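**Q** One structure follows; several queries about it will come next.
Derivation of every value follows stated rules applied to the coordinates shown; laboratory data play no part. Computed from a predicted structure; not experimentally measured. Neighbour counts are summed over all protein chains in view; Cβ atoms, including those assigned to glycine, are modelled from backbone coordinates with ideal geometry.
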Amino acid sequence: MALQKITPFLWFDTQAEAAADFYVSMFPNSNVGKVARYTDAGPGPAGSTMTVEFTLDGLQFIGLNGGPHFKFTEAVSFSVSCETQQEIDHYWEKLTADGGAAVQCGWLKDKFGLSWQIVPAVLSELVSDPKKPQRVMAAMMKMVKLDIAGLKQAGE
């Protein structure tokens, strides 16, 4: 991996490598990099994944299998900016599959418990227009998966 000044570091129980493979499968310009394994020195079982480096659409991450001590919360999420409804639908479907869950207002949790926001790029433009934010936000609050056409219509 090339040096990135700040890298998201994600703590998993035992699923870091599976999570990396899952995320890489859905984002373009993504790959799994170096995998470090525990040795006899532990604390994980010798040969099991300790850390996995991966890149999602050019952004580097590290996943750690650190045990069950810490869980993800909604206090940290990853926001995915989408240009089209098709792109929103793609990420929504993939990230809510196999145990993921829709939340509200474009938020979801994936099967690993990590929170994501799947957001249309046009949203910031719609809520920045002084004539539209109340109507757009009211429409968004009623949505689970965000609908670009519905948000634009609310702004009219």
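**Q** Starting from the Kirkwood radius over alpha-carbon pairs of the stretch 9-65, derive D by Stokes-Einstein at 25 °C in a medium of 0.890 mPa s and give it in µm² s⁻¹.
**A** Translational diffusion coefficient: 218 µm²/s.
**Q** Within the stretch 65-156, list the trypsin sites (Lys or Arg not before Pro) lying in a DSSP loop whose Cβ has at most 15 other Cβ atoms in a 10 Å radius.
**A** Filter output for the stretch 65-156: Lys71, Lys131, Lys142.
**Q** Next question, about the same structure. When only C-alpha pairs under 8 Å and at least 6 residues apart count, what is the relative contact order of the chain, in percent?
**A** 18
**Q** I would also like to ask the following. If a/c stays under 1.5 just call it rounded; otherwise compare a/b with b/c (prolate if a/b is bigger, oblate if not). Do that for the chain, with a ≥ b ≥ c from the square roots of the Cα gyration tensor eigenvalues. Could the numbers behind the result be given before it?
**A** Working: a/c = 2.74, a/b = 2.29, b/c = 1.20.
Since a/c reaches 1.5 and a/b is larger than b/c, the shape of the chain is classed as prolate.
**Q** Do any trypsin sites (Lys or Arg not before Pro) in the stretch 1-61 lie in a DSSP loop with no more than 15 other beta carbon atoms within 10 Å, and if so, which?
**A** Sparse-neighbourhood loop trypsin sites (Lys or Arg not before Pro): Lys5.
**Q** Expressed as a whole percent, how much of the Cα-Cα distance distribution for the stretch 77-155 exceeds 17 Å?
**A** On the way: 1272 of 3081 pairs.
I get 41 percent for the Cα pairs in the stretch 77-155 exceeding 17 Å.
**Q** Calculate the length of the line joining the C-alpha centroid of the stretch 88-111 to that of the stretch 136-156, in whole Å.
**A** Here the two parts' Cα centres lie 18 Å apart.
**Q** Another one. Just want the answer: with Cβ charges of +1 for Lys and Arg and -1 for Asp and Glu, which residue in Asn29, Val80, Val52 is farthest toward the dipole's positive end in the chain?
**A** Projecting each Cα onto the dipole axis, the largest value belongs to Val80.
**Q** Shifting gears a bit: Provide the FRET efficiency to the nearest 0.05 for the Ala149-Val35 pair, computing r from the beta carbons and using R0 = 25 Å.
**A** Taking R0 as 25 Å, the efficiency between Ala149 and Val35 is 0.05.
**Q** In addition: What list do you get for Tyr38, Tyr23 if you sort them by fewest beta carbons within 10 Å? Before the final figure, lay out each step's value.
**A** Numbers: Tyr38 16, Tyr23 24.
Ordered from fewest to most neighbouring Cβ atoms within 10 Å, Tyr38, Tyr23 come out as Tyr38, Tyr23.
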